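Since every read-out is calculated from the coordinates, none of them should be taken as a lab result. What you are looking at is a predicted structure, and each value in this text was computed from that prediction instead of being measured. Reconstructed Cβ throughout: ideal geometry from the backbone, glycine too, with neighbour counts over all protein chains shown.
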Amino acid sequence: MADSVANSTGRGNDSQFLRIDRLSKHFDEVAAVDNVSLDIKKGEIFALLGSSGCGKSTLLRMLAGFELPTSGNMYLDGEDIAKMPPYVRPINMMFQSYALFPHLTVWENVAFGLKRDGMPKDQIAERVEAMLGIVKLKPYAKRKPHQLSGGQQQRVALARCLAKSPKLLLLDEPLGALDRKLREETQFELVNIIKSVGVTCAMVTHDQEEAMIMADRIAVMQEGCFLQVGHPREIYETPSCMFVAGFIGDVNLFKGKLVVDEPDHVVIDTPECRHYVNHGITGTIDMQLSIALRPEKICLQSHEPVIEQRDSPAENGYNAARGTIDGIAYFGKFTLFHVRLDSGMVIKASRENSARHEETQLVRGQQVYAWWDGSDVVVLAN
C-alpha cells in the first residue's frame, strides 16, 4: 500500500498529500470513527464538521498520534504515520485553549518548541522573528499571555505551531474560545496566515459558518462516518441527504411522492403544492421523497404569481403556495419571515435588505404567496 501512495522520490502525490485509508477507531463496542477514507491536497484547508460525538475530534487525535487506530492507515506526504509516535510526526496541533505557557513571554512561547529540538540560537531568533511578523505580533514579543486579547493569544498559539514548519497543521475548534464578533474578524485573518505559509491544514469545528468561510473543502460527519465531502458551495447547494441539508444552514423540508418522472424534469406532490424540478432523478412513480429548499430561494409577494413572473412557463401552477406571515425577524443584512402555509406547515423565507427603505413592506398577519424556481429545489431520499 505504501508503494502505491509514494512516488519514485519517496514523496506523496500533492493531490493525496494526506491520505486516510479505511480508518477506524473503536472504544469498546462503539465505533467512534467507522472505516473512513479521505484524500487532502497539499496546501488545502480541510474542515471536519459535525455535531458533538460524531467522531471528528477522534479522527483529529489519530492524525496527531494521541489515539491509535483500531484499523486502517494514514499517509502524510507518502509516509506511513499510523504507528509513528506523536513527537516524531511532522505535525503540529493547536488546541482550543491555546495552551500557552503563562510564565513565558510571547517570544519565548513561540521559541519553546525550537529550543526543545536543539535548534541553534541564531536560527531560533530568525525563525521566531519571522513568525511574529507573519502573525503581526512583533510589538508584543515581550508581553505575557495574560496581557494579550483572546485574538492575540490565538495568533501566538498559531505562530508557535508554524515555527517548526510542520507538514500538517491540526486545528481543534480554533476560534471556539473567542466571542462572536472577534471570531468573525479572525476567520479571514487565520485563513490568510495559513495560506501565506502554505501549510496543509485539517481543522475540527461544529460551527457551520466557520467551516464555510475557512475551508477549501468540508467533510460532514455523523456517527463516525462521512456523509458528504465537497466544496462549501457544493455542500450547501446540493446536500447529499436530509441530515446534511438540515445541518448546514436553514432549510425547508417538504415530504411527498413522485408523480411525473421524465429525463429532463420530475414532479413531486406534497400537501403544500406540486413541485416542478428542472432535472431528472433516479426514482420510480409513487416513490416517497423529500424536497429541500433554502429560505433565500423563496420569493414572497402579496398577489398570486402569474406566468410572466415565473422563470419557466413549464412551472406555471407549480412551486407556489399560499400562506400567512406568522413572524418577522430583522437581522440587518436580511429579514427572515415565518410563513404558515394553508396546509399548516411553517416555512422560512428570507429577503436580502439591499435597499435602506423597502418600497413594499410585508407585515405580520398578511396573506402572501410563496414561490420558487424549479432549479433551486433539491430532491432527497427519505
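Observations
- Amide H within-cut-off set for N252, under 5 Å, with H built and near neighbours excluded: L293, R294
- Exposure proxy ranking, count of Cβ atoms within 10 Å, fewest first, for R274, R160: R274, R160
- Under the Karplus curve 6.51 cos²θ - 1.76 cosθ + 1.60, θ = phi - 60°, whole-Hz ³J(HN,Hα) for region 136-143, x wherever Gly or Pro sits: 6, 10, 4, x, 9, 4, 9, 7
- Measuring nothing but how far apart in sequence close Cα pairs (under 8 Å, 6+ apart) lie, relative to its length, the chain scores a relative contact order of 14 percent.
- In degrees, nearest ten, helix 180-197 long axis to first principal axis of the chain (Cα): 60
- Derived scalar couplings between HN and Hα for region 202-208 equal 10, 10, 10, 7, 9, 8, 4 Hz in order, rounded to whole Hz, by the Karplus curve 6.51 cos²θ - 1.76 cosθ + 1.60 (θ = phi - 60°), x for Gly and Pro.
- Angle in degrees between helix 121-134 and the longest Cα principal axis of the chain, rounded to the nearest 10: 20
- Peptides ranked, highest mean first, by Cβ atoms within 10 Å: ranges 49-58, 99-108, 34-43, 142-151: 49-58, 34-43, 99-108, 142-151
- Phi angles across region 160-172 convert, under the Karplus curve 6.51 cos²θ - 1.76 cosθ + 1.60 with θ = phi - 60°, into 3J(HN,Hα) values of 5, 5, 6, 4, 8, 6, x, 6, 9, 10, 10, 10, 9 Hz, Gly and Pro given as x.
- Sorted by Cβ density within 10 Å, fewest first, the residues E173, E126, E272: E126, E173, E272
- Among Y87, Y276, Y318, the ranking by other beta carbons within 10 Å of each residue's beta carbon, starting with the fewest, stands as Y87, Y318, Y276.
- Helical runs (DSSP H, four residues minimum) scored at -39500 (n - 2.57) apiece and divided by the length of the chain put the mean residue ellipticity at 222 nm at -7000 deg cm²/dmol.
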